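Below: the structure, in structure tokens.
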Amino acid sequence: MYGDPATVRKILTELGDTWAIVGLSTNQRRAAYGVADVLQRFGKRIVPVHPKAETVHGEQGYPSLEAIPFEVDVVDVFVNSDLAGAVADEAAAIGAKAVWFQLGVIDEAAYDRTRAAGLDMVMDRCPAIEIPRLG
């Protein structure tokens, strides 16, 4: 339900190429760093979102979603489940088309709110795992 193949495929191939990655920093040991690299190689523009607003993989970082001065298609969330719902709400507020909660990030109420707001959403999945499955 939270990661049906049709929604995964739609988000990865149809909804646009600008992905804000919440929780992405220059820490190479964090999963977000490697996933951002995979997304870039798949042709996505990554936008690091982290309080430190660091430049990662050559892309300017921003301290929050609302600080990004251009449209974002997908918000990829690498924060813990307790914080993820607020990020999903911010994604809807900035006009994103989809929200992607990473492996282990689950908030059913946020899923329901996000879908009700008209956004596509995937939870508890990783695009770096799903991209090779596209065929």
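Computed from the coordinates by the stated procedures, all read-outs in this text should not be read as laboratory data. Since we're looking at a predicted model, the values are computed, not measured. Cβ placement follows ideal geometry from the backbone for every residue including glycine, while neighbour counts extend to all protein chains displayed.
The table for this structure:
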quantity: The range 14-67-the range 85-135 distance, computed between alpha-carbon centres (Å); calculated: 15 Å
quantity: Under 17 Å from the Cα of LYS10 - lysines, other chains or at least 8 residues apart; calculated: LYS44, LYS97
quantity: Inter-probe distance in nm under a simple model that places probes 7 Å from Cα toward Cβ, at THR55 and GLU71; calculated: 2.7 nm
quantity: DSSP bridge pairs, the chain: antiparallel proportion in percent, nearest 5; calculated: 5 percent
quantity: Inter-label distance for ASP4 and ASP89, nm, one decimal - labels placed 7 Å from Cα along Cα-to-Cβ; calculated: 2.7 nm
quantity: Label selected from (i) 23, 16, 15; (ii) 31, 16, 12; (iii) 20, 17, 14, the criterion being semi-axes √(5λ) of the Cα gyration tensor in Å as computed here; calculated: (iii)
quantity: All aspartates and glutamates inside 17 Å of LYS52 as judged from Cα atoms, apart from same-chain residues fewer than 8 positions distant; calculated: GLU66
quantity: Cα-centred dipole magnitude for the chain, charges only on beta-carbon of K, R (+1) and D, E (-1), debye, nearest 20; calculated: 400 debye
quantity: Estimated inter-spin distance, LEU134 and THR26, nm [label 7 Å along Cα→Cβ]; calculated: 3.0 nm
